[in-house]
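Encoded as structure tokens, the structure appears first; notes follow it.
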Amino acid sequence: MKLRQREYCHNCRQHVIYEFEDITQRQVIICPNCGHQHYRELDEGTIINIRVLGRNQQEGRIYKMPDFNIARFNPDIVAPLPIVEKTYKIIGHTADGRPIIEKTDEKLGNLTTENSKIMTERRWGRDPRQI
């Protein structure tokens, strides 16, 4: 299966849609505009159905409140609720701006999630035609 992702080609200085194989191995990805070779790897990630503040955000935090029963609520008792904070590394974004975090199999509260693969910025080679 082929995956598609919009990325910037520094050779032709344009954002283009790249097609690449759905495997987590090193790949040579060819720019469809200029034929420049990009040496990339894929990472597995989890798309979460939230919006983040900016495209350059490096991490996301998810806060989870514990379950409690409002029927047993007593206004005379003051007790802090232990809110759990989890931090996740953002490895990319979908075309519509949703963050893709490092792959996780844990349940992220009531968020809708789906698995994905994303082209990383890690380079393992160089186009031999490039000076």
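The values are calculated or read from the model by the stated rules, or taken from the named source; none is laboratory data. Source: prediction; values computed, not measured. All Cβ positions, even for glycine, are placed from backbone atoms using ideal geometry, and neighbour counts span all protein chains on display.
Taking each residue of segment 49-61 that is assigned to a strand (DSSP E or B) and looking for partners that are modelled with pLDDT under 75 with beta-carbon atoms closer than 9 Å, six or more apart or interchain, yields 60/52. Residue count for segment 13-48, restricted to those that are of a type in the set (A, V, I, L, M) and either touching a Leu at 6+ places or on another chain (Cβ under 7 Å) or at pLDDT below 80 (or both): 3. Residues of segment 8-27 that are touching a His at 6+ places or on another chain (Cβ under 7 Å) and touching a residue at least 40 places away in the same chain (Cβ under 8 Å): 11 alone. Residue 83 meets each of the listed conditions (1) exposed (fewer than 12 other Cβ atoms within 10 Å of the Cβ); (2) under 24 Å from residue 14 (Cβ atoms); (3) at pLDDT 80 or above apart from (2). For residue 55, the requirement of being among the basic types (Lys, Arg) and either surrounded by fewer than 16 Cβ atoms within 10 Å (Cβ to Cβ) or at pLDDT below 75 (or both) is met.
A quick yes/no check of all residues on (1) touching a Cys at 6+ places or on another chain (Cβ under 8 Å); (2) part of a loop (DSSP other than H, G, I, E, B); (3) in contact (Cβ under 8 Å) with a residue 40 or more places away in the chain; (4) under 27 Å from residue 43 (Cα atoms):
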{"site": "76", "(1), (2), (3), (4)": "no, yes, no, no"}
{"site": "81", "(1), (2), (3), (4)": "no, yes, no, no"}
{"site": "85", "(1), (2), (3), (4)": "no, no, no, yes"}
{"site": "89", "(1), (2), (3), (4)": "no, no, no, yes"}
{"site": "97", "(1), (2), (3), (4)": "no, yes, yes, yes"}
{"site": "107", "(1), (2), (3), (4)": "no, yes, no, yes"}
{"site": "115", "(1), (2), (3), (4)": "no, no, yes, yes"}
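All of (1) within 19 Å of residue 115 (Cα to Cα); (2) surrounded by 13 or more Cβ atoms within 10 Å (Cβ to Cβ); (3) over 12 Å from the mean Cα position of the chain (by Cα) hold for residue 61 with one exception: (2).
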